[in-house]
Amino acid sequence: MQVGEGFLQERYIPMQHFNELHRGSIENLEEFWAEQAKVLDWFKTWDKVLDDSKAPFFRWFVGGELNASYNALDKHIKAGRRNRAAIIWESESGETRTLTYYELYREVNRFASVLKNLGVNKGDRIVIYMPLIPEVVIAMLASARIGAIHSVVFSGFSAEALATRINDAKAKVVITADYLYRRGKALNIKEIVDKALLETPSVESVVVLKRGENGIKMVEGRDYYWHNLLEGAEKYVEPVHVKSNHPLFILYTSGTTGKPKGIVHSTGGYLVYVAKTMEWAWKIRNDDLFWNTADVGWITGHSYLVYGPLTLGLTVMMYEGALNYPKPDRPWEIIEKHGVTIFYTAPTAIRMLMRYGDEWVKKHDLSSLRLLGTVGEPINPRAWKWYYEVVGGRRCPIIDTWWQTETGGYMIYPSAGIQLPPLKPGSTTFPGLGVDADVFRQDGSQAGPNERGLLVIKKPWPGMLLGIWGNDERYIRTYWKRFSRPEEGVWIYYPADYAMKDEDGYFWVFGRADEVLNVSGHRLGTAEIEHALVLHPAVAEAAVIGRPDEVKGEVPVAFVILKEGYIPNERLKLELISYVRETLSPIAAPAEVFFVNKLPKTRSGKIMRRVLKAISTDKSLGDLSTLEDEASVDEIKAALEGFK
Ligand code: WT7
C-alpha cells in the first residue's frame, strides 16, 4: 500500500534529486560532512574531517573546538533572536511556561556558575534525575557550558537503576527535584535519590529543585536547593572551548547483559548530525512549533527536544504529563491550544490514543499540523492509517524515523526537507544523506530484494557514539565484531535489528535481533529483568522474553523457577511483578509470570528464548535438536494452559 493523497504531487516527482544527493554524500563523505558542519559556530575549525586511524573508534572534526551551549544559546542571542520562544512548557494540570532564548541563556549561565561553585570541572560527570521540566534543559546546557559531561537518567527508573548509573559514571553531582507530577499525583523523587545515594561514593552534592509545598528531607552538607545556590551565582560564565570529540553526554541504554551500556556522544559530530537531520527530516520553518512527546531521559529527548532544535534556534513544545490524562484528548488539546505544527511520538502512544475513538480527536482543530512523526518501533499499518487519516486529516506526511541511542540521530527516514518520497506505511523509507545502510544475510553477503536479513551501516557518520563509557572492548564486540573485516580495513556497524529492502529499495525494520525488548518504544534487556527477578529471595532462576502486545508493541513475560520451600501462587506472582516494578522500572514489570520447574536450555546451558517465545505465542517450535531436556517444553506448555 502506498499512501500520499494529501501530497500526491510529490509522489510523482522522481526521487532522482534525492538519490543523486545521496550518492554524492556517500561517495565524498568527508567533503559532504565538512560542508554540513557549517551549521555550527566553531571557535576553531577542524584539521581533519574524519580520523579513522583508530577504527572502529572513528573521530569527527578532529582539531575543531566549540561549545554546545554557545551553539544553542549565545549564537541566537547574537543573531537577534533573543526574544524568540525556545521552550513552551505545559504541565499536566495545564499550567504553561514559556522561556525565550534570552531567558534560557540567563538561566543556563547562572546554573553553570552554580555547578562551578560546587566544584564541577571540565570532564566531570553530573547525573540529572528530573521530571520533564525546563530545568532539565537548563541543567544539561549548563553542564555543556563548562565542559562537564551530563548523564540524564529517566525519572521513572528505580533507586537501584539510578545508583548503577551514578556509579558507572562516577558522578560528582546529582541534580533532581522534590516532586514529579503524574496522573494528578505528586511523587517524591528526592526520596528515590536518597535511597540510591546510600551506595554511591562518588557523589559530593545534590541540587534539588523545589516545586512542591510539602517539605522533603534534605541532607546537611550534601543537599542544596537550586534557588538557594542561585543566590551566589554569576550572571555570565564563559563557555569552555572543548574539542570536537570531548564527550557531551553519556546516556545509558539496555544491552544483552544485565549491565546497562553508557553510550558516549561527542560534541562536534553529534551536534552537526542532530541539527542537520532535524532540518532534513522536517523541512524546518521559522514558525514551527515542534512537539516531541519523548522524555528527555531518552535519546529522542536529547537529540530532538534539546540539542537539535535549540542548535537550530527553533521552538519546542514540552509537556510533563501523561498523554491520556486527565482525558484522552490531552495531546489534541495541546496541539490546538499552542498551534503545534509537527507532532512526533511513538507508535505505542498512537495505538493507545486510537483506542479511545475518533471523537476525542475530532473535537479539536488540528489544522496547524503539517507533519507527523513516529519513532521507537515499527508502526503497524492500522495505527499508521489512523494517525494519517484521523490525526493528520490526510494532509500530513508521516515521518517514520529509524535510529538508536547509539546513532545519535535519524538514520533511515523520509527526508521531507530534501524530497519527500511516496510513503509506505510501516517502512522508514530510505537512508538519509551521508548514511550508507544495507541489509546483510547472516553470512555477511548482501540480501536480495524482499529478503529478510540484518541491518548494517557501512560507513561512519558524525552522530555515531564515541564508545561505551569505560568499556572499549564491549563497544567493539557489540557493534563491530559481527560483520567487520578489520584486516581489509572494512568496518561495518551492526545495530542488531532485523530488516529488509523491498523491490523499490524501501527499508523495513522489523525489530531487535538480540535479546533486547522494545516495550512502548523503550529498550529493555531481558537480562536486566532476569537479574532483577533473581534478586528476590524466592527466585532460583528466571528467563524473560517479549510477547507481542497490541498497545505496547511488546511486553515482558517471565518464566520463574522458585527456590525450595516457596509455593507458587497468585500472591507471589503479583509480588514478583511489583518487585521488578520497584527495583528496576515500571516499564520492566512483567505482564505475566509463569512458575516452572525447568527452563528449556541448549546443551551448553543457554536458555532457548525462541522456545519460550514460541510456546507463549503458540507458534511452531522449530528445530529443538539442541534442546537439553525435552520434558521442559511440555512442562512450560502445561504451565501456559489456562492463561490463553
Ligand atoms: C531500537 C533503538 C531512537 C529512538 C528511540 C529508541 C527500534 C527505533 C524505529 C523505527 C522500527 C525502530 C529499533 C532500534 N526502533 N526506531 N522507526 N522503526 N524500529 O532508541 O532505545 O536506542 O532503541 O528501537 O529496534 O534498534 P533506542
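The values are calculated or read from the model by the stated rules, or taken from the named source; none is laboratory data. Not measured: the values here are computed from a predicted model. Because the Cβ atoms are built from the backbone with ideal geometry, glycine has one as well, and the counts that use them run over all protein chains shown. Accessible surface is based on the protein model in full, side chains and every heavy atom, while ligands, DNA and RNA are left aside. Shrake-Rupley method; radii C 1.70, N 1.55, O 1.52, S 1.80 Å.
When the residues of the stretch 51-66 are filtered to those that are crowded, with 21+ Cβ neighbours inside 10 Å and within 26 Å of the chain's Cα centre (by Cα), which remaining residue is nearest to Glu488 (Cα to Cα)? Reasoning before the result, please.
Here is the first cut: in the stretch 51-66, the residues crowded, with 21+ Cβ neighbours inside 10 Å are 58-61, 64, 66.
The next check asks that each one be within 26 Å of the chain's Cα centre (by Cα); those that pass are 58-61, 66.
Details: Phe58: 16, Arg59: 19, Trp60: 22, Phe61: 24, Leu66: 34 Å.
Residue satisfying both the conditions and the ranking: Phe58.
Residues of the stretch 175-215 being at pLDDT below 95 and touching a helix residue (DSSP H, G or I) at 6+ places or on another chain (Cβ under 8 Å), which ones?
Glu199
Just to be sure I understand, how many residues within the stretch 136-163 are under 17 Å from Thr583 (Cβ atoms), buried (at least 22 other Cβ atoms within 10 Å of the Cβ) and touching a Pro at 6+ places or on another chain (Cβ under 9 Å)?
Count: 2.
Can you name every residue in the stretch 230-251 that is touching a strand residue (DSSP E or B) at 6+ places or on another chain (Cβ under 8 Å), open to solvent by 40 Å² or more (accessible area, probe 1.4 Å) and not in a loop (DSSP other than H, G, I, E, B)?
Within the stretch 230-251, just Lys243 meets the criteria.
From the residues in the stretch 391-409 that are within 9 Å of the ligand (Cβ to nearest atom) and hydrophobic (A, V, I, L, M, F, W, C), which one is farthest from Val375 (Cα to Cα)?
Step by step, filter the stretch 391-409, then rank; the result is Trp403.
Could you tell me whether Glu488 is open to solvent by less than 40 Å² (accessible area, probe 1.4 Å) and away from the ligand (no atom under 16 Å from the Cβ)?
Here the answer is no, as Glu488 does not meet what is asked.
Which of the residues spanning the stretch 416-446 are within 11 Å of the ligand (Cβ to nearest atom) and crowded, with 21+ Cβ neighbours inside 10 Å? Working first, answer last.
From the stretch 416-446, those within 11 Å of the ligand (Cβ to nearest atom) are 426-429; that's our starting set.
Across the stretch 416-446, the qualifying residues are Ser427, Thr428, Thr429.
Scanning the stretch 271-288 for residues that are away from the ligand (no atom under 16 Å from the Cβ), closer than 17 Å to Ile399 by Cα and aliphatic (A, V, I, L, M), which turns out least open to solvent (accessible area, probe 1.4 Å)? Step through it out loud before you land on a result.
Pass one, the stretch 271-288, residues away from the ligand (no atom under 16 Å from the Cβ): 271-272, 275-276, 279, 283-288.
With the extra rule that they be closer than 17 Å to Ile399 by Cα, the set shrinks to 275-276, 279, 283-285, 288.
Adding the requirement that they be aliphatic (A, V, I, L, M) leaves 275, 284.
On the way: Ala275: 0, Ile284: 48 Å².
Taking the candidates together, the pick is Ala275.
Restricting to the stretch 501-544, name every residue that is within 12 Å of the ligand (Cβ to nearest atom), open to solvent by 30 Å² or more (accessible area, probe 1.4 Å) and assigned to a strand (DSSP E or B).
Trp508, Phe510, Arg512, Asn518, His522, Arg523
Which condition does Tyr224 not pass, out of (1) over 15 Å from Ala159 (Cβ atoms); (2) open to solvent by less than 20 Å² (accessible area, probe 1.4 Å), if it passes all the others?
Going through the list (1) over 15 Å from Ala159 (Cβ atoms); (2) open to solvent by less than 20 Å² (accessible area, probe 1.4 Å), Tyr224 breaks only (2).
Looking only at the stretch 243-261, filter to residues that are touching a helix residue (DSSP H, G or I) at 6+ places or on another chain (Cβ under 8 Å) and closer than 19 Å to Ala139 by Cα; which one of those is farthest from the ligand (Cβ to nearest atom)?
So, considering only residues that are touching a helix residue (DSSP H, G or I) at 6+ places or on another chain (Cβ under 8 Å) and closer than 19 Å to Ala139 by Cα, the one farthest from the ligand (Cβ to nearest atom) is Leu248.
Conditions tested, residue by residue: (1) part of a helix (DSSP H, G or I); (2) modelled with pLDDT of 90 or more; (3) more than 16 Å from the ligand (Cβ to nearest atom).
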position: Val551; (1), (2), (3): no, yes, yes
position: Pro556; (1), (2), (3): no, yes, no
position: Pro568; (1), (2), (3): no, yes, yes
position: Ser616; (1), (2), (3): yes, no, yes
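Just one of the numbered conditions (1) open to solvent by 10 Å² or more (accessible area, probe 1.4 Å); (2) within 9 Å of the ligand (Cβ to nearest atom) is not true of Tyr413; which one?
Looking at each condition in turn, Tyr413 falls short on (1).
Going by the structure shown, is Pro449 closer than 28 Å to Trp280 by Cα, away from the ligand (no atom under 15 Å from the Cβ), open to solvent by 20 Å² or more (accessible area, probe 1.4 Å) and not in a strand (DSSP E or B)?
Values: closer than 28 Å to Trp280 by Cα: yes; away from the ligand (no atom under 15 Å from the Cβ): yes; open to solvent by 20 Å² or more (accessible area, probe 1.4 Å): yes; not in a strand (DSSP E or B): yes.
So Pro449 fits the description; yes.
Name the residues in the stretch 156-191 that are within 16 Å of Ile250 (Cα to Cα) and of a type in the set (Gly, Ala, Ser), would you?
Once the filter is applied, which keeps residues that are within 16 Å of Ile250 (Cα to Cα) and of a type in the set (Gly, Ala, Ser), the stretch 156-191 yields Ala161, Ala163, Ala169, Ala171.
Which is assigned to a helix (DSSP H, G or I) and under 19 Å from the mean Cα position of the chain (by Cα), of Gly308, Gly321? Give the derivation first.
On the way: Gly321 fails: assigned to a helix (DSSP H, G or I).
Result: Gly308 is the single residue among Gly308, Gly321 that is assigned to a helix (DSSP H, G or I) and under 19 Å from the mean Cα position of the chain (by Cα).
Conditions (1) open to solvent by 20 Å² or more (accessible area, probe 1.4 Å); (2) closer than 18 Å to Glu90 by Cα; (3) part of a helix (DSSP H, G or I), marked per residue:
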| position | (1), (2), (3) |
| --- | --- |
| Asp168 | yes, no, yes |
| Ala171 | no, no, no |
| Lys190 | no, no, yes |
| Val203 | yes, no, no |
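When the stretch 208-221 is examined, which residues are found to be over 15 Å from Ile138 (Cβ atoms) and either open to solvent by 10 Å² or more (accessible area, probe 1.4 Å) or acidic (Asp, Glu) (or both)?
First, pick out the residues of the stretch 208-221 that are over 15 Å from Ile138 (Cβ atoms): 212-221.
Correct list: Glu213, Asn214, Gly215, Ile216, Lys217, Met218, Val219, Glu220, Gly221.
Take the residues in the stretch 289-313 that are among the hydroxyl-bearing types (Ser, Thr, Tyr) and touching a helix residue (DSSP H, G or I) at 6+ places or on another chain (Cβ under 7 Å), then tell me which one is farthest from the ligand (Cβ to nearest atom).
Checking each candidate, the answer is Thr311.
Test Thr345 against the criterion of being away from the ligand (no atom under 16 Å from the Cβ) and open to solvent by less than 40 Å² (accessible area, probe 1.4 Å), and give yes or no. Walk me through it before giving the result.
Numbers: away from the ligand (no atom under 16 Å from the Cβ): no; open to solvent by less than 40 Å² (accessible area, probe 1.4 Å): yes.
Spelling it out, it is not the case that Thr345 is away from the ligand (no atom under 16 Å from the Cβ) and open to solvent by less than 40 Å² (accessible area, probe 1.4 Å).
Does the stretch 350-378 hold any residues that are closer than 20 Å to Phe510 by Cβ and open to solvent by 10 Å² or more (accessible area, probe 1.4 Å), and which are they?
Within the stretch 350-378, Arg351, Val375, Gly376, Glu377, Pro378 meet the criteria.
Which pairs have Cβ atoms under 9 Å, sit 6 or more apart or on different chains, and link a residue in the stretch 152-174 that is hydroxyl-bearing (Ser, Thr, Tyr) to one that is part of a helix (DSSP H, G or I) and surrounded by fewer than 20 Cβ atoms within 10 Å (Cβ to Cβ)?
Ser158/Lys195; Ser158/Arg581; Ser158/Glu582; Ser158/Thr583; Ser158/Pro586
Step by step: first the residues of the stretch 579-598, then only those that are of a type in the set (Gly, Ala, Ser) and within 11 Å of Ala532 (Cα to Cα), then the one that is modelled with the lowest pLDDT. Which residue is that?
Pass one, the stretch 579-598, residues of a type in the set (Gly, Ala, Ser): 585, 588-589, 591.
After this cut, where a residue has to be within 11 Å of Ala532 (Cα to Cα) as well, the list is 585, 588-589.
Numbers: Ser585: 90, Ala588: 94, Ala589: 95.
Here the residue is Ser585.
Checking Asp358 against (1) in contact with a His (Cβ under 8 Å, 6 or more places away or on another chain); (2) away from the ligand (no atom under 12 Å from the Cβ), which single condition isn't satisfied?
The number of the failed condition is (1).
Taking the conditions exactly as written (touching a residue at least 12 places away in the same chain (Cβ under 8 Å) and over 19 Å from Tyr181 (Cα atoms)), does Val219 satisfy them or not? Spell out the reasoning first.
Values: touching a residue at least 12 places away in the same chain (Cβ under 8 Å): yes; over 19 Å from Tyr181 (Cα atoms): yes.
Here the answer is yes, as Val219 does meet what is asked.
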